[in-house]
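Reading through the structure tokens given below for one structure.
The values are calculated or read from the model by the stated rules, or taken from the named source; none is laboratory data. What you are looking at is a predicted structure, and each value in this text was computed from that prediction instead of being measured. Don't worry about glycine lacking a Cβ; one is built from the backbone with ideal geometry, like all the others, and counts go over all protein chains shown.
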Amino acid sequence: MPAKKSSAQKQSFEEKMARLQSLVERLENPDIPLEESVALYKEGQELIKLCRQQLENAANEVRLLNEDGSLSPFAQDDDPPQRPLGNGGDEYDVPF
């Protein structure tokens, strides 16, 4: 039986980013209790993971057809090169 999607998984990318912004604003409050801070941090980490997956999926969908008919990743000449994250994995820095 497939796992149920969480409410965050059902949200659009833009909705996830808006939620992340609101989490950051709440976490910047110095009077927030520790337990709430930890819960908000965990929620933010999950949202970041989902946003990265969405961005990666979108990047994989955006491809150009070469003259010989093969597919290659879409890239613009002015795009900065992606830097691997410090964890040694295959993930790349995302601007959030």
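Below, the figures for the structure above:
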| quantity | calculated |
| --- | --- |
| Selected residue (criterion: modelled with the lowest pLDDT) from residues of the stretch 1-17 that are within 16 Å of L55 (Cβ to Cβ) and hydrophobic (A, V, I, L, M, F, W, C) | A8 |
| Residue check for A58: modelled with pLDDT under 95, within 20 Å of the chain's Cα centre (by Cα), within 24 Å of S7 (Cα to Cα) and assigned to a helix (DSSP H, G or I) | yes |
